[in-house]
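Input: a single structure, listed below in structure tokens.
Bear in mind that the values in this text are calculations on the coordinates, not laboratory data. These numbers come from a predicted model, not from an experiment. No Cβ is skipped: glycine too gets one built from the backbone with ideal geometry, and neighbour counts run over all protein chains shown.
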Amino acid sequence: MKEFLKSLVWVDYFYMVFTDPRKLAAALMRESRSLPIGFVIPACVSIMDILAISLLGSQTPFFYIKITYGWILFFMLLVFQNILIGSLVDTAGQVLGHQGNIKNVINIMNYALFPRVLLLPAILIFSVFNFAPVFFYVLFSMALFAWSAAIVVQGLSEMHSAGLARAAAVFFMPFVLIGSVAFFAMVLTVVSIFGYFTA
Amino acid sequence: MDKNRKIVVSILILLVLSSVLAIIDISISMQGTGRDAYRLRSPDTGPGVGIVRIYGPIAIDASGGGPLGMAYGSDAIVQRLDDLSRDARIKAVVVRINSPGGTVAATQEIYDKIMRLRKDNIVVVASMGELAASGGYYVASACNYILANHGSITGSIGVIAVSPNLKGLFEKLGIRMNVIKSGRYKDLLSAYRDISQEERELIQEIIDSSYKKFLADVALGRNIPIPEIEPVADGRVMSGETALRHRLVDELGSFETALAKARALAKLPEDAPVYDEVTNPVERLLMSLQGARGGIDIRVDRQFPSNLPAVEYRYQP
């Protein structure tokens, strides 16, 4: 691991996140030591996100506790989210006839988060000039989510040697399923509550 | 190092720089000096005033505390006062009271703790909200100085014990209770029979003893002889203005005035920091993880469900 860090190969991964996600996915699949480095990204993202959110409103001295300890909770949440979504995406891939490899999916998802660190410098500019920082926070968050999703889709396409449309289907299938389940659960709940009160 | 790696390193440096700038920006805005004041101060850490809030009925929490060691009820208030007394920065404490009082023991514990703070040379100022009656006033009387709003309801110096008599209802429903007891008074204040004269005298004895203690403690805290308090210590409630006339409070004023008074009495500068309790649940959780006592919920407005009769210092209209 020490040699891997010294070789600075991991720096190339960060470069490939921006320039060539397919090449990144291929490199990540080849190098198992890239997995622990990948978990550094959610950690950086959680710190940057806390700072970006803190820029949007007035803070109390609690900010120092938030930035010292709060990011750990946020980091754990991000990792949990990646593992959960990664598992579902991997399952969806297997359902569609591809070979499953949850480790690679989670690894790609971790690296795909990297563009989110750009949220802080972007928000900092709008915050300093006090020019609708909340609006731009929401806008950039959505744009960066789309960017991350695009990286994962390209990574899945490379991983499963499938077309972009099929890779997108693998990635979005869990979201569609969860969305549908949540929608029908909500409809059932509303119907039950309505039925209870009108019975 | 090749060109691509140099680009990534530049991005990483940019990110570190933005983080530092963001922290500086947040720190400046935190001081409330605005972006135009090019002055960076460290967060408030100097000598200042601590805040303790007593809202709702006062009682010892029967549930034994919440998750992550969180305490509730009067125990939490005593714990908060204890934390403040151990904090070297705290030179004065403002006790904000909005309470109709509560159980005798819980109220006395808070009173004793405040008196201990006074002995430790910490100035304690009471600030009354809408209501600081009975036990609420008992607690206030332990403070060095009491401020009430013009319309604060206070007084109600007295003790009360209320027990329902459901005998008639039980008879109507045909319910009879089987009671096997070791002594004749074991089911004292039972809800399903009339209270006897002897039992009433026993309870009255507790009430009288608690009342005497109430009077003595108010006299001690306020440094007023008991005969001067007795004429208004008949359970009556009064406005802040009337209480001032009877020397039950020292001044009419708001919470802000109480803070200013606490700073003045503790010889602190006018802009000395205020250390308020943490009320946000997420902040409390993080404080608990940090091991800090900010994780306690010191408000006592939780309802402690109990159908047991209690002797209370409580304003109960």
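Report the residue, chosen from A:PHE135, A:PHE74, A:PHE39, that carries the largest GNM mean-square fluctuation when chain A is represented by alpha-carbon nodes joined by springs under 10 Å.
A:PHE135
Give, rounded to the nearest 20 debye, the magnitude of the charge dipole that segment A:2-198 has about its Cα centre when Lys and Arg contribute +1 at Cβ and Asp and Glu contribute -1 at Cβ.
That gives a dipole near 200 debye.
Determine, for B:ILE122, B:ILE7, the number of other Cβ atoms within 10 Å of each Cβ, and report the residues in order from fewest to most. If you can, show how the numbers build up before the last one.
On the way: B:ILE122 21, B:ILE7 15.
Fewest-to-most Cβ neighbours within 10 Å comes out as B:ILE7, B:ILE122.
Starting from the amide H of B:VAL274, placed 1.01 Å from N in the peptide plane, find each other amide H under 5 Å away whose residue is 5 or more places distant or on another chain.
Excluding prolines and chain starts, which carry no amide H, the hits are B:VAL49.
Full-extension gain between A:ALA199 and A:ALA132, please, as 0.36 nm times their residue separation minus the C-alpha to C-alpha distance.
Length gained, A:ALA199 through A:ALA132: 19.2 nm.
Can you sort B:HIS150, A:HIS160, B:HIS246 from fewest to most other Cβ atoms within 10 Å of each residue's own Cβ?
Neighbour counts put them in this order, fewest first: B:HIS150, B:HIS246, A:HIS160.
Once Lys and Arg get +1 and Asp and Glu get -1 on their Cβ, which of A:LEU118, A:THR68, A:ILE151 lies farthest toward the positive end of the dipole of chain A?
A:THR68
Label A:VAL190 and A:LYS23 with points 7 Å out from Cα along Cα→Cβ: what is the distance between them in nm?
4.9
Taking amide hydrogens as modeled 1.01 Å from N in the peptide plane, which residues meet the under 5 Å criterion relative to B:ILE146, leaving out close sequence neighbours?
The list, which skips near neighbours in sequence, is B:ALA126, B:ASP250, B:GLU251.
For segment B:190-205, list residues with backbone N below 20 Å from a point placed 7 Å from the Cα of B:GLU171 toward its Cβ?
Output list for this probe position: B:190-200.
For a footprinting-style exposure proxy, rank B:TYR137, A:TYR137, B:TYR185 by other Cβ within 10 Å, fewest first.
Values: B:TYR137 32, A:TYR137 20, B:TYR185 12.
Fewest-to-most Cβ neighbours within 10 Å comes out as B:TYR185, A:TYR137, B:TYR137.
Over segment A:2-198, calculate the relative contact order: mean separation of alpha carbon pairs under 8 Å at least 6 apart, over the residue count, as a percent. Could you put the intermediate results ahead of the total?
Working: 175 pairs, mean separation 52.3, N = 197.
Over segment A:2-198, the number comes to 27 percent.
For A:SER7 and A:SER180, what is the calculated FRET efficiency with R₀ set at 51 Å and r taken between the beta-carbons, to the nearest 0.05?
0.65
Going by amide H atoms built from the backbone, whose H comes under 5 Å of the H on B:VAL93, apart from near neighbours?
B:GLY50, B:VAL123, B:VAL124, B:VAL125
So which lysines pass the test for A:LYS103, namely a Cα distance under 21 Å, with those fewer than 8 places away in the same chain ruled out?
A:LYS23
In whole percent, what relative contact order does segment A:1-119 give with Cα contacts below 8 Å and a gap of six or more residues?
36
Starting from a Cα-only point model with no solvent, please compute log10 I(q)/I(0) by Debye for segment A:41-199 at q = 0.13 1/Å.
Result of the Debye calculation: -0.76.
Which helices of chain A meet both criteria: a Cα extent of 24 Å or more along the helical axis and a mean Kyte-Doolittle score no lower than 0.0, with helices taken as whole DSSP H segments?
Counting only whole DSSP H runs, the qualifying helices are A:40-56, A:71-95, A:133-159, A:164-198.
How big is the charge dipole of the protein assembly as shown about its Cα centre, in debye rounded to the nearest 20, if each Lys and Arg gets +1 on its Cβ and each Asp and Glu gets -1 on its Cβ?
Details: 48 positive and 44 negative charges, 227 e Å.
Computed charge dipole of the protein assembly as shown: roughly 1100 debye.
Would you list, by chain and number, the lysines whose Cα falls below 30 Å from the Cα of B:LYS119, excluding same-chain residues fewer than 8 positions away?
Answer for B:LYS119, where 30 Å is the Cα cut-off: B:LYS91, B:LYS212, B:LYS213, B:LYS261, B:LYS267, listed by chain and number.
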